[in-house]
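In what follows, a single structure is set out as structure tokens and then discussed.
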Amino acid sequence: MEINIIGGGWVTAKNHGRMRDGARPVLTAGAPVLPSVEDIFSHPPARYRRFDAYTRLGCAAISLALQDAGLAHADRERPVGIVVSSVYECFEVDLAYYETAGEDGGMFASPNLFSYTLPGIVTGEAAIHFKLTGPTFTVGDSIPGRGYPALATSVDVIRTGTCETMVSGWLDSPGDRLETRVRGVDRIRGAIFLVLSSGCKNNVLTQLRIKDSDLVTASGAKLRSALDLFE
Amino acid sequence: MKEVYIAKSTIITGIGDTVEENWGRLSEGRSAIGTIHHFDTGRLHYHQAACVADLRRKHTENHICVLMERVLDRIKPVPPKTFIIWTGIKGNAEYIESGQKKDMLHLPAQYRQWVADNLSIANNGIEINAACAASTVGLALGAQKIALGKYDSVLVCAADLATRFVHTGFSALKALTATTCRPFDRRRDGMCLGDGAVAILLTGSDTARKAGSKHPVRISGWGISNDATHITGPARDGRGLAAAIQTALRMAGIHPDGVEAYCTHGTGTVYNDSMELAAIENVFGPRQFPVFSIKGAIGHTLGAAGGIETAICRQALEKKSVPPTIGMENPEKEAMGRVSSTAQSFGGQNILTTNSGFGGVNAAILLQV
């Protein structure tokens, strides 16, 4: 079976871009350089400025991927799913939230920050903004994996026939709190998303194939991370 | 696609240490909801949760592992090539509460490794977070692995606790009840948190047959959707949940009239329960059939909720009966004739269970004998 890749987008500390433009993501430590709001949204999500850094980064990269696939605009809801894989998920905002709950017996805990203490909130914000009603969830990632678990799971979802188009990739945004308080945190921050489809045959950028239960790229190499699709 | 069976299931909640104990106490109408003692709630409006009573809490200990160890002890042995899916959603809460000073597990991948070590099997698997639908989504993805022929056994496991982290958060959102948890009651005013852990072993038909289960229960369909409406509130018309249910029904090849009983998310919040009743009307029309929630007895166990409810549904199929919805006294109009404060019998052939969570996620699973 072949799965078409019809779009890709990324934001890292070094660059941001769309797959169709020919560049590829470069991973380095440091704060991601977010594109301007005008570059990534025709109109930004209503709460975009209130998003935590993880959610803002994820929505920006998802937007670039959907733009690349020609799916960023829609008048009605669409059965497109989103799967995000992440090592640290929303740990940074967890720490920020608990700072607000620490004093006065928790009576001034921040409801807004608490709302973002689940890693799937980014999928919810993107689903609302882009009117996507397919399956949404997050998957644990590993440092070398960077998106592989999300891509592999999305391919399985497509294979079962329950959803034919999935936005899928890697998102990590460890911040200063996490880096100073938790030992051994990887400092690479960024987000890379691909749009996978079994139904859309137009504007295909590359393909994923299933070979002996492995995912392989168009060149026949075994897929190890989302970066491999930008070869 | 290959058939998927539930080979074994074990749970711990505030009302019992086994599926059978939970079933018995649910049937008796007992609830574990009581005053929280393990952290100070004095300055909050909400003081209750459904805690595991004998969990002797120390500030230095990871109590998710304490609960999981008890659950895993009862599911052993599992096949050595089992794929592990960890679906606990707030495993870093105790670590954060302790000031990150203790040598505690705090990443989902660490919990999966811990489960693999505890079972003495290879650490092969994934961690899933889908908010309060996490273990339901985990079961769907585990079933997907077996259905596609990628694995013959998958262990879906989760534990979550009524921690200070989570309690203060839901308190800030005013989602908790200051009285008692009353799913589908006209006077419902919020949910209660609960401690819970679950492990469910899914297998292909060959393994299930070899295990010689007396009551083989099959996962015949599943569906996952997003409301695309709000991150902390459900779509009022229940269309997202209805879509997940309809996907599961299509996969199972069952007409809505064929669903005999339904275990809801049933948190006891005003908006969740209204949304679920709207989804029921949407999918099943005016038909009256047994619908229930167990959160008035065990509280909301977050990522573990869907797995625990699936284990209870498996028991319900065997008993051909659903337990009472504890806490409900005066049902909403659309709940009348469906939700009951007493046990209800049904045909025992199939049952639907669903969960919904923050971020707009909905997940549905159909179980069939």
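The values are calculated or read from the model by the stated rules, or taken from the named source; none is laboratory data. Since this is a predicted model, take the numbers as computed values, not measurements. Every residue, glycine among them, receives a Cβ derived from its backbone with ideal geometry; neighbour counts consider all protein chains shown. The accessibility values were calculated without ligands, DNA or RNA, using every heavy atom of the protein model including side chains. Shrake-Rupley method; radii C 1.70, N 1.55, O 1.52, S 1.80 Å.
Out of A:76, A:146, report the one residue that is more than 8 Å from every other protein chain (Cβ to nearest Cβ), within 14 Å of the chain's Cα centre (by Cα) and over 23 Å from residue B:133 (Cα atoms).
A:146
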- Inspect region B:166-179 for any residue being surrounded by fewer than 24 Cβ atoms within 10 Å (Cβ to Cβ), β-branched (Val, Ile, Thr) and part of a helix (DSSP H, G or I) and give the result as yes or no. yes
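So that you can scan it fast, the table gives a plain yes or no per residue for (1) modelled with pLDDT under 95; (2) closer than 16 Å to residue A:65 by Cα; (3) part of a loop (DSSP other than H, G, I, E, B):
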{"residue": "A:5", "(1), (2), (3)": "no, yes, no"}
{"residue": "A:23", "(1), (2), (3)": "yes, yes, yes"}
{"residue": "A:31", "(1), (2), (3)": "yes, no, yes"}
{"residue": "A:46", "(1), (2), (3)": "yes, no, yes"}
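This table checks each residue for (1) assigned to a helix (DSSP H, G or I); (2) among the β-branched types (Val, Ile, Thr); (3) in the same structural domain as residue B:9 (by TED's automatic domain parsing).
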residue: B:57; (1), (2), (3): no, no, yes
residue: B:69; (1), (2), (3): yes, no, yes
residue: B:91; (1), (2), (3): no, no, yes
residue: B:126; (1), (2), (3): no, yes, yes
- When only residues in region A:176-192 that are outside any loop (DSSP other than H, G, I, E, B) and farther than 30 Å from residue B:362 by Cβ count, which is farthest from the other protein chains (Cβ to nearest Cβ)? A:188
- Take the residues in region A:90-121 that are more than 7 Å from every other protein chain (Cβ to nearest Cβ) and touching a residue at least 40 places away in the same chain (Cβ under 8 Å), then tell me which one is surrounded by the fewest Cβ atoms within 10 Å (Cβ to Cβ). A:112
- Determine if region B:198-209 includes at least one residue that is crowded, with 17+ Cβ neighbours inside 10 Å, in contact with a Cys (Cβ under 7 Å, 6 or more places away or on another chain) and more than 14 Å from every other protein chain (Cβ to nearest Cβ). yes
- Counting only residues that are at pLDDT 95 or above and more than 19 Å from residue B:176 (Cα to Cα), region A:93-133 contains a total of 20
- Task: Starting from region B:1-23, keep only residues that are within 14 Å of chain A (Cβ to nearest Cβ), then list their pairs with residues that are outside any strand (DSSP E or B) and among the hydroxyl-bearing types (Ser, Thr, Tyr) whose Cβ atoms are within a distance under 8 Å, requiring at least 6 positions of separation or different chains.
- Result: B:1/A:160; B:2/B:205; B:3/B:205
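Confirm whether residue B:282 is open to solvent by 30 Å² or more (accessible area, probe 1.4 Å) and polar (S, T, N, Q).
Criteria met by residue B:282.
Could you tell me which residue of region B:233-250 is farthest from residue B:267 (Cα to Cα), considering only residues that are open to solvent by 50 Å² or more (accessible area, probe 1.4 Å) and facing another protein chain (nearest Cβ under 10 Å)?
B:250
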- Task: Please give the number of the condition residue B:266 fails out of (1) within 14 Å of another protein chain (Cβ to nearest Cβ); (2) in a loop (DSSP other than H, G, I, E, B).
- Result: (1)
- Query: Going through region B:115-131 one residue at a time, which ones are open to solvent by 10 Å² or more (accessible area, probe 1.4 Å), more than 9 Å from every other protein chain (Cβ to nearest Cβ) and either closer than 24 Å to residue B:164 by Cα or among the β-branched types (Val, Ile, Thr) (or both)?
  - Reply: B:121
- Message: What's the total number of residues in region B:242-279 that are in contact with a Ser or Thr (Cβ under 9 Å, 6 or more places away or on another chain) and of a type in the set (Phe, Trp, Tyr)?
- Response: 1
- Task: Answer yes or no: is there a residue in region B:10-31 that is among the polar types (S, T, N, Q), out of contact with any helix residue (DSSP H, G or I) (no Cβ under 6 Å at 6 or more places or on another chain), part of a loop (DSSP other than H, G, I, E, B) and under 20 Å from residue B:315 (Cβ atoms).
- Result: yes
- Query: Does any residue of region B:84-98 turn out to be within 22 Å of residue A:150 (Cα to Cα), in contact with an Asp or Glu (Cβ under 7 Å, 6 or more places away or on another chain) and more than 9 Å from every other protein chain (Cβ to nearest Cβ)?
  - Reply: yes
- Criterion: open to solvent by less than 10 Å² (accessible area, probe 1.4 Å) and within 12 Å of another protein chain (Cβ to nearest Cβ) - qualifying residue of A:195, A:155: A:155
- Message: Condition check: outside any strand (DSSP E or B) and in contact with a helix residue (DSSP H, G or I) (Cβ under 8 Å, 6 or more places away or on another chain). Does residue B:233 satisfy that?
- Response: yes
- Message: All but one of (1) modelled with pLDDT of 95 or more; (2) outside any strand (DSSP E or B); (3) under 30 Å from residue A:203 (Cα atoms) hold for residue A:81; state the number of the condition that does not hold.
- Response: (2)
- Query: So which of A:134, A:124 is part of a helix (DSSP H, G or I), within 8 Å of chain B (Cβ to nearest Cβ) and surrounded by 23 or more Cβ atoms within 10 Å (Cβ to Cβ)?
  - Reply: A:124
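Just one of B:156, B:166 is more than 8 Å from chain A (Cβ to nearest Cβ), at pLDDT 95 or above and closer than 20 Å to residue A:177 by Cα; which is it?
B:166 is the lone residue from the list that is more than 8 Å from chain A (Cβ to nearest Cβ), at pLDDT 95 or above and closer than 20 Å to residue A:177 by Cα.
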- Answer yes or no: is there a residue in region A:167-175 that is farther than 19 Å from residue B:132 by Cβ, at the interface with chain B (Cβ under 10 Å from one of its Cβ atoms) and out of contact with any His (no Cβ under 8 Å at 6 or more places or on another chain). no
